[in-house]
Each structure stands twice: as C-alpha cells, then as structure tokens.
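J.: Dropping a structure here in structure tokens format, bear with me for questions.
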Amino acid sequence: MTTNPTVEVQQYGQSFWLDFIHRKSIVGGEMQQYIDDFGILGVTSNPSIFQKAIGESDAYDEAIKLMLDLDANAIYEGLAVEDIRSALDLFRPIYDRTNGKDGYVSLEVSPLIASDTAQTLAEAKRLFKLVDRPNLMIKIPATEAGIPAIEDAIAAGINVNVTLIFAVQNYEAVARAYIRGLERRLAAGQDVRGIASVASFFVSRIDSLVDKLLEQNIKAADGHDPARAALNRELLGKAAIANAKLAYKSYQMLFEGEIFARLREAGAQVQRPLWASTGTKNPNYPDTLYVDTLIGANTVNTLPPATLKAFKDHGVAAPTLADNMDEAQITMDKLAEAGVNFDDVTQKLQLEGVIAFVESFEQLIMQVNAKRDVLLAGVIQQQQLALGQYADTAQ
C-alpha cells in the first residue's frame, strides 16, 4: 500500500498549506496538483513571495501591459488581487467541504504600515472588501501596533492570518486579541461562526540566530571551559522546536479550557497555531526537521514547495507535537544558562522580519515600475512605427 505522509498528517489534526503563489502555478495546473497529489488545504503569501513571482519573472508582463496607465503600486495590487482571487476560487471547494476550517489564501497588508494600527485596520477592511471572497485571510503582523488591529479586524468579521510571531508571550497576546475580538462580536449580538484565524509562529529563523550565538559561545569557551562549550553544543538546533512546543502549550491553555468555553459553545473556531518558516536553513539538519517534529491537533504547517516535496518523499506522519513537552522548558532554561537572551532573540527576529518584508515590497515596486517603463516604451515605439507606416501609405 502506497503511503502519502503529506495527506496522512490530516488524521492527526494538522493541515498543510503551501507557502508559495505564482500565476504560472495557478493557470498551469501546478496548484491543482498540489491539492490533488499533496493534500494542500490552503496557501500563504507575503511580500517576498510576490517579489519573486512578479519582479523576477516575465509571467506578468502581458497583464502589466493592460495597466500601463496606472502607477507601480496600483499595478502590483491589481496583479496580486487577481492571483489571490484565482487561488481562492481554486480552494473554495475545500473551504466549503471543511465548513470554513481550511481552503484559505492569505494576502498581507502593506508592510510599510506595520507600525500604524489605524492604517493597518483600514487596509485590512479595504482588501477584504476588494477581494470579496469568504475564504480570504488578511495577514497582519504581530507587532505592538498590529495586535489591536487584529482584535478590531476579528470584531469586524475579517479572517486574519497573524504573521511574524517568534515569542510565546507575543503569541499569547495575539491569541487573546483574537478572543477579545470574538467576545466583542458576541456581546454585540453578532455571529462568531464563520470567522477564522491562524497565528503564524516562525520556526527555522529562531535556530538560525540562536545557533549563531551558541557557536560564538562555543568558540569563546573552547579550550578553557569545556563544560560551557559542551552545554552550548548540546543546545544546537533545539531552540526553535522547544519554543514552538511551548507556544502550543499556551494554545491548549487558552483554547481547550474555560477561557474559550463560551465562544466554543457559540460555534467559534479556535485560532490555530500555524508553523511558518519551516524550510530547513542549516544543511546539517534534516530537510523535514520542522515538519516531522511539529505534527499535532488543530495546527497548520505552511511549507515551501521543496520542503513539501521532501516530506512527501521521506517524511513520517505521526503525532509528534505533544512529545517531550516537559523537555521544551528545560531546553529554554538551559539556553538562559548558556547566556542566550531569548527575549532579545525574538524581538530582533520580529524587527528583522518586518524590515525584510518592507525591503521586498520596496524592491517589488521598483521592479514593477521598471517593467512598466520598459513595456510602455515598447508600446510607444510600436505606435510610432505604425504611424510611420500609415504616413507612407498616405503619400
């Protein structure tokens, strides 16, 4: 009997979403293949993904030619919204079949307004109305300004994918914002059913930074403090998974007990933790490390295509997330003992994440503007050639 671990994870309560979108994959049938052959149940996008798709390929050039009278920002939005709508329509049967649990496609608010609560909320409302599909999720970063916008967006009935979460404390603030938003709806006599949210908890980037700090400690301790060097070596590659497990423990506390009971009775969905940044960045670690170890009930894992294919080839579907929960806190305590300030790590990573998305967005707008100029010049040249031909005919 042939097994397919990318589908089998569903029996343990996990949904796989694809961390990738491209017009060619949608119109060419590749996205449908991800649904049929890999059991993909949703899609996430971000400014970096769109920058690679639109800015670094010619797949959108014909569409851009139809929008040459618009500025680069308007062109980008037109292209992105068309892709998102097409993907949403593709995943709509999954949304209907799962009663609104899966089948979502995410579109991010502009990273340029990550520090502005009012603008973030206004943009979330505008994009949700513009795209006009029930299975759209609006991505809002878990920044200090983003968290009140998340609560307000949920209260307004908007599906939200909260992004750039690295710290357990930050995750808990996000989860409580979701709960407050639903409670406001309930208090106002509004329906809490049909509203969905995920909390995107980033994984591999944590190991990348923590391992760098541990390697520095090992280098500093080698030769004169073997016990300290051994402690730091022991912790390599352990921080991200331990941190994610502790976040899941918080999820269980917030959503499986009394705190969420009234909302659960009213038909509200839990806000599922979503494991993001799950492609392994360190070549010394297994390429499915952040998939194999984080399979559990009411979770989502959003995978880049390479990681998804690797897991289908040699991954193991098993309920691993609840394993060694006690060891997770021990690992975090040891990291503190080793001199790693985890609060500094998570704050740095969130700030860097916002900056990286801003840079990708700004680069994308520059690339779209450059494409527009080149294509516009070509159109003008063709018009001039045509006019010249007509002039010859008139003579």
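J.: In region 264-322, which residue that is open to solvent by less than 10 Å² (accessible area, probe 1.4 Å) and assigned to a loop (DSSP other than H, G, I, E, B) is farthest from THR3 (Cα to Cα)?
T.: If we take residues in region 264-322 being open to solvent by less than 10 Å² (accessible area, probe 1.4 Å) and assigned to a loop (DSSP other than H, G, I, E, B), then GLN271 is farthest from THR3 (Cα to Cα).
J.: Next question. Under 8 Å by Cβ, and 6 or more places apart or on different chains, what pairs join a residue from region 252-265 that is within 12 Å of LEU182 (Cβ to Cβ) with one that is in a loop (DSSP other than H, G, I, E, B)?
T.: So the pair list comes out as PHE255/VAL270; PHE255/GLN271; PHE255/ASN298; PHE260/ALA268; PHE260/VAL270; LEU263/VAL192; ARG264/VAL270.
J.: Moving on. Tell me yes or no: at least one residue of region 159-177 is open to solvent by 10 Å² or more (accessible area, probe 1.4 Å) and among the hydroxyl-bearing types (Ser, Thr, Tyr).
T.: So the first thing to find is which residues in region 159-177 are open to solvent by 10 Å² or more (accessible area, probe 1.4 Å), and the list is 167-170, 172-173, 176.
Then keep just the ones that are among the hydroxyl-bearing types (Ser, Thr, Tyr); that gives none.
For region 159-177, residues open to solvent by 10 Å² or more (accessible area, probe 1.4 Å) and among the hydroxyl-bearing types (Ser, Thr, Tyr): absent.
J.: Identify the single condition in (1) at negative phi; (2) out of contact with any Leu (no Cβ under 9 Å at 6 or more places or on another chain); (3) touching a residue at least 12 places away in the same chain (Cβ under 8 Å); (4) surrounded by fewer than 24 Cβ atoms within 10 Å (Cβ to Cβ) that GLY100 does not satisfy, given that it satisfies every other one.
T.: (1)
J.: Which condition breaks for ALA124 when tested against (1) open to solvent by 20 Å² or more (accessible area, probe 1.4 Å); (2) out of contact with any Phe, Trp or Tyr (no Cβ under 9 Å at 6 or more places or on another chain)?
T.: Failed condition: (1).
J.: Something else now. Report whether or not ALA155 is surrounded by 24 or more Cβ atoms within 10 Å (Cβ to Cβ) and within 22 Å of LEU274 (Cβ to Cβ).
T.: Working: surrounded by 24 or more Cβ atoms within 10 Å (Cβ to Cβ): no; within 22 Å of LEU274 (Cβ to Cβ): yes.
It is false that ALA155 is surrounded by 24 or more Cβ atoms within 10 Å (Cβ to Cβ) and within 22 Å of LEU274 (Cβ to Cβ).
J.: Moving on. For the structure I just gave you, tell me whether GLY157 is touching an Asp or Glu at 6+ places or on another chain (Cβ under 7 Å), modelled with pLDDT of 95 or more, small (Gly, Ala, Ser) and within 18 Å of GLY267 (Cα to Cα).
T.: no
J.: Please note which strands (runs of 3 or more DSSP E) are completely contained in region 122-218 and include at least 1 residues that are over 17 Å from SER250 (Cα atoms).
T.: Because the criterion is at least 1 residues that are over 17 Å from SER250 (Cα atoms), the strands (runs of 3 or more DSSP E) in region 122-218 that meet it are 136-141, 160-165.
J.: Report yes if some residue within region 127-143 is hydroxyl-bearing (Ser, Thr, Tyr) and under 23 Å from GLY42 (Cα atoms); otherwise report no. Walk me through how you get there before you give the answer.
T.: Of region 127-143, the ones hydroxyl-bearing (Ser, Thr, Tyr) are 143.
Okay, now just the ones that are also under 23 Å from GLY42 (Cα atoms), so none.
No, because not a single residue in region 127-143 is hydroxyl-bearing (Ser, Thr, Tyr) and under 23 Å from GLY42 (Cα atoms).
J.: Starting from residues that are touching a residue at least 40 places away in the same chain (Cβ under 8 Å), of a type in the set (A, V, I, L, M) and outside any helix (DSSP H, G or I), keep the ones in region 38-66 and report whichever is nearest to LYS139 (Cα to Cα).
T.: Among them, the one singled out is VAL43.
J.: Would it be correct to say that ILE26 is under 16 Å from TYR95 (Cβ atoms), surrounded by fewer than 22 Cβ atoms within 10 Å (Cβ to Cβ) and out of contact with any strand residue (DSSP E or B) (no Cβ under 6 Å at 6 or more places or on another chain)? Show your work before the answer.
T.: Working: under 16 Å from TYR95 (Cβ atoms): no; surrounded by fewer than 22 Cβ atoms within 10 Å (Cβ to Cβ): yes; out of contact with any strand residue (DSSP E or B) (no Cβ under 6 Å at 6 or more places or on another chain): yes.
It is false that ILE26 is under 16 Å from TYR95 (Cβ atoms), surrounded by fewer than 22 Cβ atoms within 10 Å (Cβ to Cβ) and out of contact with any strand residue (DSSP E or B) (no Cβ under 6 Å at 6 or more places or on another chain).
J.: Here is a list of conditions, (1) at pLDDT below 95; (2) within 16 Å of the chain's Cα centre (by Cα), and TYR76 meets all of them except one; can you say which number that is?
T.: Only one criterion is unmet by TYR76, namely (2).
The values are calculated or read from the model by the stated rules, or taken from the named source; none is laboratory data. Fair warning: this is a prediction, and the values are worked out from it, not measured in the lab. Using ideal geometry, Cβ is built from the backbone for each residue, glycine included, and neighbour counts are taken over all protein chains shown. Heads up: the accessible areas ignore ligands, DNA and RNA and are worked out on the full protein's heavy atoms, side chains in. Shrake-Rupley method; radii C 1.70, N 1.55, O 1.52, S 1.80 Å.
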